[in-house]
Amino acid sequence: MHCVQMKRGMWSKLRNFKFSCYIIAILCTIPVPYIASSGITAITVLLLMYVSMSVSYNLLAGYLGDLSFGHATFFGIGAYTVALLTHYQVCYFQPVNILFGGILAMGFAAVIGYPFLRLKGLYFAIGTLGLSQIFRVLFKNSDFTLRSHGINIPVPLPYSIHPYYYAIVALTFGIIVAADRIVNSRLGLAFVSIRDDPDAARMVGINVTAYRILGFCISALGVGIVGGFFAYFNSYVHPEGVFSLDISFEMLLMVFFGGAGTILGPIVGAVIVLLVEEIGRAFIRQGYLLLLSLMLMVVFLVMPGGVVGTLTKQTPFINPLAQLRRKRVGSA
Amino acid sequence: MSEVEKAKITRRKYLKYGGAVVAVGVAAAAGYGIYEATKPPVKKEIVIGGTLPLTGICAMDGQRILRATELAVNRINEEGGVLGKKLRLIVYDDTMAAEKIGPLYEKLIATDKVDILITPYGAPMAFPALTVCEKYDKIMIAGFVASTSPAQRFGGKNGFFAHCMPRPTYSSFYYSIFTDMLNDFDKWNYKKEFTLDKTVASINENQLWGIEQHEIWKPMAEKQGWNMVLDEFVDITAVEFSSTLAKIKLTKPFLILAEFFFFRCVILLKQMIEQGVSAPFVVLGEAGTSYDWIDPEKGVGPVGNGIFTINLFPKDYRGGDSEYLRAKYKELYGTIPSAHEVTGYSSIEIIRDAVEKAGSLESDALRKVLLTEEFDTCFTRVKFDKEGCNTLWEPTAGQWQNNVIETVWPPKRATAKPIYPYSP
Amino acid sequence: MAWEIIAEVIVRALVEGAAYSLLAVGLTLIFGAMRVLNIAHGDLAVLGAYICYWLLVIFHIDVFIGLLFVVPLMFLIGWGVQKFIINPAVSIPQFQVQASYIITYGLALFISNQELIAWTADYRSLTVAYSYLSISVLGVTINAPRLAVLSVTVIVSALYMLFLRTRLGRAIRACTQDREAALLMGINFNKLAGFTFGISAATAAVGGMLFALTYTLYPAVGLQLTIKAVTVMIFGGIGSVGGALAAGLLLGITEALVTFVVGATYKDLVAFMLLVIILLIRPTGIVRKEFFLPK
């Protein structure tokens, strides 16, 4: 009796704690446009975009274990949906367009999900890379998407960064909460079991392919929505800019640097990588990429589970010098 | 483990999570705070800002523009500045990543308190930057942005002024200047047995400037009687042109018109020579943007002589600070400046003249001055029309002869006769 | 007349494919044996090319003779990278995949930015004395450098085939096929890993030099070369050297023919469409080999 009461109390206390963490985080982000200049706020918008993209990508790469090198495909689909809807004067209502962008991205993921998710590991990664480049070339050559001219989206003046900022704050927190919920549910458990041992998962009765397609679609939805937001924030969509390798690789970097397979990992990774880039860019004109690459290599050598993964003791620190002496080169 | 201990352990884990979140947030806030506290631009300076690709794909061009821009700013500061204030230049490296341009420009305007902006490299990067300028009502002077579509939306009274952006209504432009030159063939043809054959093979890059100029040029040329025997677009990642060159061999045009980035012109010429593809007139549009062209270590070497190219910085042009630019650049960097440097320097000249004539940094005053006054820069004389395009630029056709670019057309600007037909 | 022109196109496509094949060969060796995708492969290739460029410009040593110096140097650099950077990172098995991506991506960024500092951003050409010498072979005119590229590729592939028949080569092939069995057979993988990486880096340098000779050289081209090499590698089958060669040539020819018929703007589309189709139909590549990808 006593234990059951303790248990109920413990869970509700935990849920309250996490809830209060979220509340504190939201409260921290709300006053930013008022205390910082709108330039810094714009950088924060960029940061939050990357945070939400990384959290979505983490669902696929961290929890499901399928790395993709071409997630910018969905970013581009989301952005282009918004741009084309605005350009062809179909719909001007922003939330609807953004949501439709995300839904189209998810739809496309569902369509190509079945053939692609039979692939594993590097095959899947390169397949998605090929997909993003195919989209890039197709969109550059199609008159429907205005080829290389790019699509301009008119900006409502007078301008204030507040609506954009609060929209991305809402989106980011929505995606984080959704990801958290998914991860802590049976779905998340299924994902993790597929990542760790697909055969055992199959034996337990989990339909591995179906769950992988589902994970793929959910991550595509998140990235597509952010793409749609990007179209409005940037007011210009160009195939080279939205289907670029840079975006795909930055998502990958941020997730794994921060710690794949954790909720906080992609957030911390995005924040650290972006802050180092932006602060480096401001103070060191040209050497900041060297700094970034050194940081990536050194930190990742010592903390292969990512920053959050290692700091929360899910994976150990490794001492690279000890590794040199131990001479192990991975296992089969 | 008892329930109580388990609760403590899991609470500790969540405290760590929460602590991490708060720590990151505090660090970020501290970083921003320190940044804003240590970089307030002194209002005794006029701040000019922009982003350029200093690393990544177009690093060469971005670095050259930066060199010349810094040269201009240093010179103006040595001479006492503008309106008694010194100029300060803030340039960020944007690595040609289009998604970061918007926030970077907002940071430049709102945090670094930039007064006047310069464009990034190329129109696809300029569009987001121009949107930000429009949002904040700032003026932007173009560097190396030569497409006309930004001007249609953002130009003139909307704050964008591009002096290296020729308009077909005012003059020849990058594509049309050679067809215009050949339209006048009988006037300057000194080989009487040679006849004009209006067939052209056009190879372009599939990027915004390329397709835009092509769309303007093609109907014009066809109306003038040109027969487009080949009309190819090449992706910007391409390095192998053998199939396109094979098609040129089959169609045997009189004029080959290829408008590529500089290094692709280098590759194209080498492959043309190898495959034995030639035409009486070979135009490689950007072969004149850098004096590396006839350098065997960086370009094609002496075989590049005989190629026609657009001459963006004629060697006899004396307007503005061009003499100073040539001398100082040679002293500092050992080479002759060419197109990218010149556009960088001239944008600063325009800024200086506009601010001095307007007497203030207010956008409205600057706009009025920019729309009405005439400027003299090291690149060209400038008079903006209401869309911010330059009505006074006279592009010239050039040809590489004896390792120098000679102007060959129009006749009143010509420094040498054109050498034709082309033979490598 | 027309078939001569098509023959010219095909020959050049073969040369282009050959340059990419050579890059893919090194990559496939590492990935097969060590399960590490070396994203810095293209940048190592460019580094080798830049060193050849220096030898050419400062000491006027011909690029192919310069290779005699560059190849051992890049072998040492590759060996060092493996021992000091990659080895510690892939030590924990469950992070092997992400470690290989992140560390090599960081390495790629590092190398390309160091190149930017050392050699500036200007585009470099490897212009040798015979750069514009044309040779006519069976009615097809071909550049001397391109002929050299083709010959070097043939020679290097032959060397590879021979190497894979030696004891060391067989050990590497064994590790590619089934590492557990190889370990059980007594193959000491630690010594093998550094050597494999060294060979891969050396091959990359040769491939990079050939690319720079045929086209151009600038610091940012490394990542593009890596992407191309990975495409060819997957197309040909991971772990298969012959497959990488065949795939490179096949891709080159297909791209050339398609761009000849349809238009040059779809060139990338061809390569990636083929890649996606092969992945969907036959992921193990065009060469008939089973490849066991654990996980």
P(r) of the protein assembly as shown over all Cα-Cα pairs, binned every 10 Å from zero, in whole percent: 2, 11, 20, 24, 21, 14, 6, 2, 1, 0, 0, 0
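Once the convex hull of the alpha carbons of chain C is built, what does its volume come to per residue, in cubic angstrom? Walk me through the intermediate numbers first.
Working: hull volume 40.0 nm³, N = 295.
Convex hull of Cα atoms, per residue: 136 Å³.
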In degrees rounded to 10, the 0-90 angle between helix C:96-119 Cα long axis and the longest Cα principal axis of chain C is 40 degrees
Trypsin sites (Lys or Arg not before Pro) restricted to DSSP loop in the range B:308-344 with at most 16 other C-beta within 10 Å: B:LYS315, B:ARG318
If you keep only loop residues by DSSP, which GluC sites (Glu not before Pro) in the range B:141-239 have at most 11 other Cβ atoms within 10 Å of their Cβ? B:GLU193
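For the range A:38-271, what value does the Rg/Rh ratio take when both radii are computed over Cα atoms and Rh is the Kirkwood radius, given to two decimals?
Numbers: Rg = 17.2 Å, Rh = 17.7 Å.
Over the Cα atoms of the range A:38-271, Rg/Rh equals 0.98.
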Scalar couplings 3J(HN,Hα) for the range B:163-175 by Karplus 6.51 cos²θ - 1.76 cosθ + 1.60 (θ = phi - 60°), nearest whole Hz, x for Gly and Pro, are 8, 10, 10, x, 10, x, 6, 9, 7, 5, 10, 3, 7
With a 10 Å radius around each residue's Cβ, average the other Cβ atoms per peptide and rank C:6-19, B:178-191, A:225-238, A:31-44, highest first. A:225-238, C:6-19, A:31-44, B:178-191
In Å and on Cα atoms, what radius of gyration and Dmax does the range C:123-254 show? 17.5, 55
Along the three principal axes, how long is chain B when you take its alpha carbons, biggest first, rounded to the nearest angstrom? 101, 62, 41
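May I ask you to derive the relative contact order of the range B:146-258, considering only C-alpha pairs under 8 Å and at least 6 residues apart, and to give it as an integer percent? Let's see the in-between values first.
Values: 111 pairs, mean separation 33.8, N = 113.
Reported as a whole number, the value is 30 percent.
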Partners for B:LYS107 among aspartates and glutamates (Cα-Cα distance below 20 Å; same-chain residues under 8 apart left out): A:GLU277, A:GLU278, B:GLU36, B:GLU45, B:ASP93, B:ASP94, B:GLU99, B:ASP115, B:GLU134, B:ASP137, B:GLU362
Rg to Rh for the range B:35-145: what is it, with Cα atoms only and Rh by Kirkwood? 0.96
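List the chymotrypsin sites (Phe, Trp or Tyr not before Pro) in the range A:63-128 that DSSP assigns to loop (not H, G, I, E or B) and whose Cβ has at most 16 other Cβ atoms within 10 Å. Which are they? Mind dumping the intermediate values first?
Values: sites: A:TYR63, A:PHE69, A:PHE74, A:PHE75, A:TYR80, A:TYR88, A:TYR92, A:PHE93, A:PHE100, A:PHE108, A:PHE116, A:TYR123, A:PHE124; in loops: A:PHE69, A:TYR88, A:TYR92, A:PHE93.
Listed in order of number, the matching sites are A:TYR88, A:TYR92, A:PHE93.
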Relative to chain A, whose Cα atoms define the longest principal axis, helix A:72-87 and its Cα axis are tilted in degrees, nearest 10, by 30 degrees
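Which whole number gives the average count of other chain Cβ atoms within 10 Å of the Cβ atoms across peptide C:3-15? List each step's numbers first, then the result.
Values: counts 0, 2, 8, 2, 1, 8, 9, 3, 1, 9, 3, 0, 2.
Other-chain Cβ atoms within 10 Å of each residue's Cβ, averaged: 4.
In chain B, which helices (entire DSSP H runs) extend 27 Å or more along their own long axis, judged by Cα positions, while averaging at least 0.0 on the Kyte-Doolittle scale? Don't skip to the answer; put the middle values down first.
Numbers: long enough: B:3-38 (51 Å, 0.12); B:59-78 (28 Å, -0.38); B:339-358 (28 Å, -0.12).
In chain B, the long hydrophobic H runs are B:3-38.
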Unsatisfied cross-links (Cα-Cα over 20 Å) in the set B:LYS85/B:LYS328; C:LYS83/C:LYS191; B:LYS138/B:LYS368: B:LYS85/B:LYS328
Tilt of helix C:63-81 relative to the longest C-alpha principal axis of chain C, in degrees (0 to 90, nearest 10)? 20 degrees
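Before rounding to the nearest 500, sum -39500 (n - 2.57) across all DSSP H runs of length at least 4 in chain B and divide by the residue total; then give [θ] at 222 nm in deg cm²/dmol. Can you show the working numbers first?
Values: 13 runs with 176 residues, N = 424.
For chain B, the value works out to -13500 deg cm²/dmol.
Averaged over C:138-144, how many beta carbons belonging to a partner chain fall within 10 Å of each residue's beta carbon? Please list the in-between numbers first.
Details: counts 0, 0, 1, 3, 2, 5, 1.
Mean partner-chain Cβ count within 10 Å for C:138-144: 2.
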Exceeding 20 Å between C-alpha atoms, which entries from my cross-link table qualify? They are B:LYS157/B:LYS383; B:LYS223/B:LYS383; A:LYS140/B:LYS270. B:LYS223/B:LYS383; A:LYS140/B:LYS270
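Relative contact order of chain A, please, whole-number percent, based on alpha carbon pairs below 8 angstrom and at least 6 residues apart. Walk me through the numbers before you get to the answer.
Details: 458 pairs, mean separation 92.5, N = 332.
28 percent.
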Based only on other Cβ atoms within 10 Å, what is the fewest-to-most ordering of B:ASP364, B:ASP197, A:ASP66? B:ASP364, B:ASP197, A:ASP66
Counting only residues 5 or more apart in sequence or on a different chain, those whose built amide H sits under 5 Å from that of B:ASN227 are B:THR199, B:VAL200
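Coordinate-derived values only; no laboratory data. Since this is a predicted model, take the numbers as computed values, not measurements. Virtual Cβ from ideal backbone geometry, glycine too; neighbours counted across all protein chains shown.
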